[in-house]
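Everything on this sheet refers to the single structure shown next.
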Amino acid sequence: MFKLENTKKLKTLLSLGLSLSLTTSLFAANGMSVDGAVKYEVKDGKYGPYHLNMQDTKNYNNGRAATKKEIKMWNVDVRPDGKDLPLYDMKHGKPILEDGKPKIAEGSVEFGEELYDAQCVMCHGEFGAGGKGYPTLAGGDFKNLHIQRLNPADENPNPDVAIKTIGSYWPYASTLFWYIYDSMPFTNPKSLTNSETYALTAFLLASNGIKVDGKEMDSEFTLSKANFNKIVMPNVDGFYPEVDTKDPHQGPKNMQKLLSDPTIYGKGTRCMKDCIKPKVEELLLRVKFDLAPNANEPLSTKRSWKEPAKAAAPDGVDPVVVENYATYCSACHSNKAIGAPVIGDSTAWAEVLEKGIEEVYSNAIEGINAMPPMGASTLPESDFKAIIDYMINESK
């Protein structure tokens, strides 16, 4: 149960110069918590199903102030208008020099395809077609976004649903650049240069048929800060309310107005009994693996940075094989949630080996289900078989 925000009171507080975060803390202090424009009662350290941090923060040490250089290095967000897009390739907060001049950050569609095949295809599939456990990046049509999947409890639920990808759904290309730079590749985020990020962005936009300045992107097209703002995504006007406003205060006001409107929360007739006709068990979505051990890690306020450890080779194992496994296979075979047999899981690998080792080799080399041929690597077959042998031996 929730109550709509008292917008009049909130507006008064904001007019007095209080920040939204301070306003939220005031509500929490009065036994209420604000989530968007909805206010929830706080009871037993929780609002609704969510726990609140009830620790005493009076003597909490916030650490030292960040230096200008640190802020510059951490400031990787990119706005829809292209602000904060990098102009140069950088290292340690300074432009990389080429022939004594700052190196312009830019990347071609062709270079992006090479990078994608080397670091992305193992999860996202050829040309962004999608892989098991990872989203589809290309395809779909923004004109079909109105199609909604019907209630699965209906006798004939709608089998079609809009395909939401970069090209059909995302309103701004800046989000793509920012996300790739900050979070990808999965096994080594923040390892791409600005030029590599531009190249991957260009390739994925080209794979979605996105035009720049009204022209299609061929393999030689090069993307940089100079032409980035000429990209217009098909669904740029598909979101509401308008938050990308010239007046930075107007965006939150538009959002507040929308969320404070009680009519958007549904006005249908409530079903009080016998609402779902088929067996409930057939409608449930279940998580196959228990994620609780990783989800319940203890919190820490310690500020430290650990250098990522290199894959250590067990005694008697070629370290090159272990490194190849970490590069081409660990993204899927070290994560139970993906569904691939995880290294060390003797039961899962015993089931795989029931087919016989030759069929296991064949499936890995030719590709099976969401796994691309050879794990999207360019290794010789003998080297790739060595990786398979390594995973099998480590899973006995």
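We did not get these values from a lab; they are worked out from the coordinates using the rules stated. Values in this document were obtained by computation on a predicted structure and should not be read as measured data. Note that we place each Cβ from the backbone using ideal geometry, even for glycine, and neighbour counts take in every protein chain shown.
Structural remarks
- Modelled FRET efficiency - R0 35 Å, Asn335 with Met54, Cβ distances, 0.05 increments: 0.60
- Put simply, the amide H of Ser108, placed in the peptide plane, has neighbours under 5 Å in Leu223, leaving out anything fewer than 5 places away on its chain.
- Inter-label distance for Val232 and Leu87, nm, one decimal - labels placed 7 Å from Cα along Cα-to-Cβ: 2.7 nm
- Separation of alpha-carbon centers, the stretch 174-206 and the stretch 318-386, rounded to whole Å: 26 Å
- Backbone HN-Hα couplings from phi across the stretch 40-47 [Karplus 6.51/-1.76/1.60, Hz, Gly and Pro as x]: 10, 6, 9, 9, 6, x, 9, 10
- Spin-label pair Glu366/Thr67, simplified geometry with 7 Å Cα→Cβ offset, distance in nm: 5.8 nm
- Set the Cα radius of gyration of the stretch 77-228 against 2.2 N^0.38 Å, with N its number of residues, and you get 1.17.
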